[in-house]
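The values are calculated or read from the model by the stated rules, or taken from the named source; none is laboratory data. Keep in mind the model is a prediction, meaning the values are calculated, not measured. Please note: Cβ atoms are built from the backbone with ideal geometry, for glycine as well, and neighbour counts cover all protein chains shown. Accessible surface is based on the protein model in full, side chains and every heavy atom, while ligands, DNA and RNA are left aside. Shrake-Rupley method; radii C 1.70, N 1.55, O 1.52, S 1.80 Å.
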Amino acid sequence: MTVQNNEQRETNGSATTDYDVIAIGAGFSGLGLLHYLKQQDLSVRVFDKADDIGGTWTWNRYPGARTDSEAYYYCFAFSEELLQEWSWSERYPAWEETLEYLHFVADRCNLKPDIQLNTAIESAIYDTEHNYWVVKTNTGETYRCKYFVSAMGLISELYIPDFKGLDSFRGSCFHSSRWPKEGLDYKGKRIGIIGAGATAVQLLPELALDAESVTLFQRTPNYILPAGQRKMTPEWEEEIKSNYAEIINKCRTHVFGMPFDSPVNRIAADSTAEEQNEIYQKLWEEGGFRFCFESYDDLLGDLDANETAANFLRNKITELVEDGETAEMLTPRGYPLFAKRPPLDHGYYESFNRDNVRLVDIRSAEPIVEITETGVQTEKEHYEFDIIVLATGFDALTGALEHIEIRGADGETLKEKWGSGPSTYMGLCTAGFPNLFMITGPQAPFANLPTTIEENIKWISSCIKHMEGNKYTSANVRVEAEQHWSQHATEVIDLTVMKYGHEANTWFLGSNIPGKGPSTLVYFGGADNYFGLLQESMDKKFPEIDFTTAI
Ligand code: NAP
């Protein structure tokens, strides 16, 4: 797609802009934003460096990549018609189907003409004289816009550790989110996976089916929940589609944005060990994140309660993995469940019962020394590979924003402002960067993403509407409002088990990136509370924001 000729617009006092709004990212966030803002008759341009729309779902094409939220609520809620029209084939659809869904929405809402692919934004600099952003692309184009929006998602900036010798490997070696688009014939190949997070947990069982061998290099074992994958049936689809209004409402009023029946008004200490086991077993069989939310209300706040669930999961590993030594290596200890984001299992544990799968403990038994021309050298052994997949995660929340030169009113970059950790107003905006909005920016909740994204978009589009209606030229969040939110987000982490995540290198706190954490990157005070606060802010016409009009 190429840029269409766009008449320059007199949108900001006397200043001339090319677009009212420029956004980066054509995944769930960028597509949703585009849809909402088009309803307001604004000119919007969405840029994406990828060659397709889809964001996460266009980059993460590795075998086994699929949603971890159930499909029927991992989707846009803005159109009942689209909800009714689209059909999912499985409880957790693969990346291909999720990408197809996003194309369906983009086509049905006619979003594609306003999206420019293959174009990375390199800088966005706020011009205080004219109250607009000057945005430069890697293709040498410069645009001016009144509003600049990050729709880059919270987990998009990949992280590759600085392994010695990484460039010397002669086979294929790539980050998991850069799986070759043209596909990769891995049948009969020797594969090494470095990393044991949600990505590796999805990848290993798929690769193990066809590879000659798969060796997984694990530093920290995770608490892993069974997915409970199943096909969509006509009866289940009918049940969902006749209850969509209720499902969407439940998402908006749930602590993690999911349509679950919680709180359950029960704490772990109220049950005997036998009753606990029964409850956990039932939810284990059901699969998915209900295990955390429909068992006991205090799992995320109370260490003793958390331990009952953690222990249940540890025992499951012993049941599922035949080799005792491997089972022990896979068993998480020393940090609570949910201090790291729990992956969902589609046959991960059972994969270790195959002859062609091997687990290597690189934390204590044999740390990686270097990558060689032919494989991985640990302190004990050299492993020969044809392919190495770096499932080593992401510089979450701040990484993508700091990677771009984004300069605010006083010339400071976001990276400089956030040197010792980010501070934002509800993950939506940050003081000193007028008319910059972020969808699920740092200190927004980590919850079912399409729900959080859409609630963020409603606030942003409503704020822009308020500005246009009142002919305001700039919006800047009050420093006190930002400080208050950041402090609140930090205090909330201290009330939950997430505060122990630093020991387990969680990206929730930035602790997975050397030299980054711990800092408050995510709001854990409840997505439901957060959505309520967004609504209150809209109802009161954004009291946290200073609006000004150029004269
Ligand atoms: P991750 O959870 O951050 O896991 C990265 C892995 O790489 C960890 O096992 C980590 O070990 C390891 N690692 C990092 N640096 C290393 C080093 N220098 N040496 C050895 N090992 C190293 O990343 P991810 O698996 O890509 O998942 C990230 C997030 O993306 C997930 O938490 C989830 O939110 C999202 N995700 C979602 C889905 C889905 O919804 N379908 C699927 C995949 C991912 P340590 O743990 O010891 O640091």
- Quick one: plug the Kirkwood hydrodynamic radius of segment 174-286 (C-alpha pairs) into Stokes-Einstein at 25 °C, 0.890 mPa s, and report D in µm²/s. 134
- Query: For the peptides 367-378, 143-154, 226-237, what is the packing order when you average, over each peptide's residues, the other Cβ atoms within 10 Å and list the highest mean first?
  - Reply: 143-154, 367-378, 226-237
- Note on the structure: Projected onto the charge dipole of the chain (unit charges on the beta-carbon of Lys, Arg, Asp and Glu, signs +1, +1, -1, -1), the Cα from 220, 374, 251 with the largest positive-side position is that of 374
- When the helix-only estimate is applied to the chain (DSSP H runs of n ≥ 4, each -39,500 (n - 2.57), divided by the residue count), what is the mean residue ellipticity at 222 nm, nearest 500 deg cm²/dmol? -9000 deg cm²/dmol
- Query: For segment 452-486, list residues with backbone N below 12 Å from a point placed 7 Å from the Cα of residue 540 toward its Cβ?
  - Reply: 481
- Any idea what the alpha-carbon Rg over 2.2 N^0.38 Å comes to for segment 159-224? 1.14
- Item | Peptides 298-307, 412-421 ordered by average Cβ neighbours within 10 Å, highest first | 298-307, 412-421
- Distant alpha-carbon pairs in the chain (separation over 31 angstrom), percent: 48
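Give the relative contact order (percent, whole number) for the chain; include only Cα pairs under 8 Å separated by 6+ residues.
19
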- Quick shape check on segment 204-265: root eigenvalues a ≥ b ≥ c of the Cα gyration tensor, a/c under 1.5 is rounded, otherwise prolate if a/b tops b/c, else oblate, and it reads oblate
- Per the Kirkwood treatment, what hydrodynamic radius in Å, one decimal, follows for segment 416-455 from the mean inverse distance over all distinct Cα pairs? 10.8
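Can you give the charge dipole size of the chain about its Cα centre, rounded to the nearest 20 debye, using +1 on the beta carbon of Lys and Arg and -1 on the beta carbon of Asp and Glu?
It comes to approximately 1100 debye.
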- Note on the structure: Scattering profile of segment 464-510 from the Debye formula, Cα beads only, expressed as log10 I(q)/I(0) at q = 0.14, 0.32 Å⁻¹, is -0.57, -1.05
- Antiparallel DSSP bridges in the chain: what percent, to the nearest 5? 40
- Item | Gap separating the Cα centres of segment 62-120 and segment 221-296, nearest whole Å | 23
- Measure off, as a whole percent, the carbon and sulfur share of the 1.4 Å-probe accessible area of segment 421-489, all protein chains present. 51
- For segment 273-325, what does the equivalent ellipsoid look like in terms of its semi-axes, each the square root of 5 times an eigenvalue of the Cα gyration tensor, given largest first in whole Å? 20, 13, 10
- Message: For segment 55-195, I need the span (max minus min coordinate) of the C-alpha atoms along each principal axis, in Å, sorted largest to smallest.
- Response: 59, 47, 22
- Of 517-524, 276-283, 182-189, ordering from highest average Cβ density within 10 Å down gives 517-524, 276-283, 182-189
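Across segment 243-292, how large is the tail of the calculated P(r) beyond 16 Å, expressed as a percent of all Cα pairs?
So the pairs more than 16 Å apart make up 50 percent of the total in segment 243-292.
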- Whole number please: convex hull volume per residue, Cα atoms of segment 16-128, in Å³. 120
- Lys, Arg +1 and Asp, Glu -1 on Cβ, resulting dipole of segment 355-398 about Cα centre, debye, nearest 20: 180
- Cα-based Rg / Dmax (Å) for segment 436-522: 15.7, 49
